Amino acid sequence: MDRSVAPSPKPPRRRLRVRLLALLASIAAVLGIGQSWAQDYAFGWDPRSGDAWVDTWLGDVNRYGARYREPFVDEMVRNYGAPRELVSELLGARRWAAGDVYYACALAQVLGRPCRYVVDEWERSHGEGWGAVAQRLGIKPGSPEFHRLKRGFVPTYDRWGRPIAIDAELRRDFPNRPSVKSKRAQPSQAAREAGKGKSADKAKGPAPRKAQGKQ
């Protein structure tokens, strides 16, 4: 057998490109950020709720829902009254962003309507943004209903065990929570502040457990 002529190697650029894409995907998965920009959402991602804080944390809901789908679905079912099959269908076949699913069900809860009612409204009018849709349904910025909508993020995040930084509007409801130091809420900043709080708690020692009664 004549070994003097070696087979020509494959072009390296394609292999390098494949490896680079795989590396980027792995990094995105570890950081939990890839789904927010790579996911092919049916309506894209542009909430336009009319409140910068709400928009920021809805984006964080996208990241949580993409990475922890089952706990996200459980939250919508148990605490927002959404049918499990509807939430699963929206996230799956209908390719909704988790932030849109959350906001539709949260709006429905404040309105006292089924989640499917707001889902249908959003599918008809998503081009207007959540702010316009919410106003048409009767929830105006600055109203008690809108404040209740914002306030609902906090217990949801508590149930997920996920840190959240509040804005000035929510300060009176949660005086001991980390707050936003800039005009835009930053989830990474919230996580750092929450981490500092945990370190301080460890230094002081474990807090005594309290018996939980019915709320």
Which residue out of S125, S88 is surrounded by fewer than 23 Cβ atoms within 10 Å (Cβ to Cβ) and closer than 15 Å to N62 by Cα?
S88
Which of (1) touching a Cys at 6+ places or on another chain (Cβ under 9 Å); (2) under 23 Å from K150 (Cβ atoms); (3) open to solvent by 40 Å² or more (accessible area, probe 1.4 Å) does R78 not meet, given it meets every other one?
(1)
Sole exception among (1) surrounded by fewer than 16 Cβ atoms within 10 Å (Cβ to Cβ); (2) under 18 Å from D158 (Cβ atoms) for R95, by number:
(2)
Taking only pairs six or more apart or across chains, which ones have beta-carbon atoms under 8 Å, a first residue in the range 80-94 that is in contact (Cβ under 8 Å) with a residue 40 or more places away in the chain, and a second residue that is of a type outside the set (S, T, Y) and surrounded by 13 or more Cβ atoms within 10 Å (Cβ to Cβ)?
R94/A42
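Surrounded by fewer than 18 Cβ atoms within 10 Å (Cβ to Cβ) and either of a type outside the set (D, E, K, R) or farther than 24 Å from D46 by Cβ (or both), is that true of P144?
Considered against the rule, which asks whether it is surrounded by fewer than 18 Cβ atoms within 10 Å (Cβ to Cβ) and either of a type outside the set (D, E, K, R) or farther than 24 Å from D46 by Cβ (or both), P144 comes out as yes.
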Please verify whether the range 128-138 includes one or more residues that are open to solvent by 60 Å² or more (accessible area, probe 1.4 Å) and under 26 Å from A165 (Cα atoms).
yes
D120, sole failed condition from (1) open to solvent by 30 Å² or more (accessible area, probe 1.4 Å); (2) closer than 22 Å to D46 by Cα; (3) modelled with pLDDT of 95 or more; (4) in contact with a helix residue (DSSP H, G or I) (Cβ under 7 Å, 6 or more places away or on another chain):
(4)
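Under 18 Å from the mean Cα position of the chain (by Cα), buried (at least 17 other Cβ atoms within 10 Å of the Cβ) and modelled with pLDDT under 95: which single residue out of V101, V180 fits that description? Quick ask: steps written out before the conclusion?
Details: V101 fails: modelled with pLDDT under 95.
Step by step, each of V101, V180 is checked, and only V180 is under 18 Å from the mean Cα position of the chain (by Cα), buried (at least 17 other Cβ atoms within 10 Å of the Cβ) and modelled with pLDDT under 95.
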Is it the case that G127 is over 19 Å from the mean Cα position of the chain (by Cα) and at pLDDT below 95?
yes
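The values are calculated or read from the model by the stated rules, or taken from the named source; none is laboratory data. These numbers were taken from a predicted model, which means no experiment stands behind them. So basically every Cβ, Gly included, is an ideal-geometry build from the backbone, and we count neighbours across all protein chains shown. When the accessible area is computed, the model is the full protein with side chains, heavy atoms only, and any ligands, DNA or RNA have been set aside. Shrake-Rupley method; radii C 1.70, N 1.55, O 1.52, S 1.80 Å.
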